[in-house]
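Engineer: Okay, handing you the structure first.
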Amino acid sequence: MPSSSQKSAQPVASPPSSPDASKALITKSLGMEFVYIPPGTFTMGSPFNEPERDNDEVQHQVTLSQGFHLQTTEVTQGQWERVMGSNPSRFKSCGPDCPVEMVSWEDVRDFVQTLNRMQGADIYRLPTEAEWEYAARAGTQTPFFFGDCLSTDQANYNGNSPMPGCDKGQYLKKPVAVGSYPANAWGLYDMHGNVWEWCQDWYGKYDGGAVTDPRGASWGESRVRRGGSGNGNAGNCRSANRRWSAPGSRDSRLWLRLVRTE
């Protein structure tokens, strides 16, 4: 049986295994850090034999023609409060370095617009679903960046429900401070577990063929969320896993990380 110590991630994409530190950015007023994600081609979705796979994860080739800067962690409660003047989080006692939660996609849109006005430029946005998965994989094709299993030493999720054949772990039942677990090869923290992350896209079926710079469905009733949460099973934390919620939904499991376009 596989265990978290027996399986390792295997490369599938051509980009380098580490970010270009010379292109890293920091929003000094808020302490937001962004790492440069290089352009490249990868296989989005999951193979038919991946445990916990859903039918909407059809594998297809995706090319991202432009590099982008992705926030290394989720937006924190402290960062949200400095921009919006209030903290909507259920788990306020977790502290200012914990992810902001209880934010709808519409709340996030307002946050991004306010932040852009503060910066005097339209430079922040949510990642597309393709950008999110590409960044989470960081050149791997296994269910998680860390391999076929996900340890609760690597991510915050319900350790009572690991992947089939993998070891059980802790169940904290709450979010933890951002950056509490190891980063992937591109310097991104918590791409698996802790709290779901909103993406820009409407939820819809993949086209199925090779695509370049996909933006998701042209319209829908729900927006995509990715990454799993601290009270969900390991299968929900897989790089290919897709979930969705109405744009107005607020939940203690929902949060965000940003793309910066300069």
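Engineer: List, in order, the whole-Hz ³J(HN,Hα) value for each residue of region 214-221 obtained from phi through the Karplus relation with A = 6.51, B = -1.76, C = 1.60 and θ = phi - 60°; use x for Gly and Pro.
Structural biologist: Rounded to whole hertz, the list is x, 10, x, 5, 6, 7, x, 9.
Engineer: If you build a Gaussian network model of the chain, linking Cα atoms that sit under 10 Å apart, which residue out of S218, S249, S104 swings the most?
Structural biologist: Evaluated over the chain, the most mobile residue of the options is S218.
Engineer: Excluding H69 itself, calculate the net charge of residues whose Cβ lies under 10 Å from the Cβ of H69, where each Lys or Arg counts +1 and each Asp or Glu counts -1.
Structural biologist: Result for the neighbourhood of H69: 0.
Engineer: State the extension gain, in nm to one decimal, for the chain segment bounded by A210 and M118, taking 0.36 nm per residue of separation less the distance between their alpha-carbons.
Structural biologist: 29.3 nm
Engineer: Something else: Apply the a/c threshold of 1.5 to the C-alpha gyration tensor of region 76-173 and tell me whether it is rounded, prolate or oblate.
Structural biologist: The shape class here is oblate.
Engineer: Can you compute the helix-only [θ] at 222 nm over the chain? Use -39500 (n - 2.57) per DSSP H run of at least 4 residues, normalise by all residues, nearest 500 deg cm²/dmol.
Structural biologist: Mean residue ellipticity at 222 nm (helix-derived): -3500 deg cm²/dmol.
Engineer: Here's something else I'd like to know. Would you mind getting me the FRET efficiency between R250 and S180? Use the beta-carbon distance for r and R0 = 25 Å, nearest 0.05.
Structural biologist: It comes to 0.60.
Engineer: For region 47-201, report the accessible area per residue in Å² (1.4 Å probe, heavy atoms, rounded to an integer).
Structural biologist: 39
Engineer: How much of the accessible area of region 70-128, probe 1.4 Å, is carbon plus sulfur, in whole percent?
Structural biologist: Of all accessible area on region 70-128, carbon and sulfur atoms account for 46 percent.
Engineer: Next question, about the same structure. Need the full-extension length gain, E221 to Q170, defined as separation in residues times 0.36 nm minus the C-alpha distance. One decimal, nm.
Structural biologist: 14.9 nm
Engineer: When the chain is treated as a GNM, springs tying every alpha-carbon pair under 10 Å, which of M191, M118, M163 comes out with the largest mean-square fluctuation?
Structural biologist: It is M118.
Engineer: For the chain, compute Rh as the Kirkwood radius over C-alpha pairs and then the Stokes-Einstein diffusion coefficient at 10 °C and 1.306 mPa s; write the answer in µm²/s, rounded to an integer.
Structural biologist: The Stokes-Einstein estimate is 87 µm²/s.
Engineer: Evaluate E = 1/(1 + (r/R0)^6) for T261 and N55, where r is the Cβ-Cβ distance and R0 equals 22 Å; express this FRET efficiency to the nearest 0.05.
Structural biologist: Plugging the Cβ-Cβ distance into 1/(1 + (r/R0)^6) gives 0.10.
Engineer: Cut-off 10 angstrom, C-alpha nodes, Gaussian network model of the chain. Which of S161, S180, S86 fluctuates the most?
Structural biologist: Fluctuation is largest for S86.
The values are calculated or read from the model by the stated rules, or taken from the named source; none is laboratory data. Everything numeric here is computed off the predicted structure, so don't read it as measured data. So basically every Cβ, Gly included, is an ideal-geometry build from the backbone, and we count neighbours across all protein chains shown. Remember, those area values only see protein heavy atoms, side chains included, never the ligands or the DNA or RNA. Shrake-Rupley method; radii C 1.70, N 1.55, O 1.52, S 1.80 Å.
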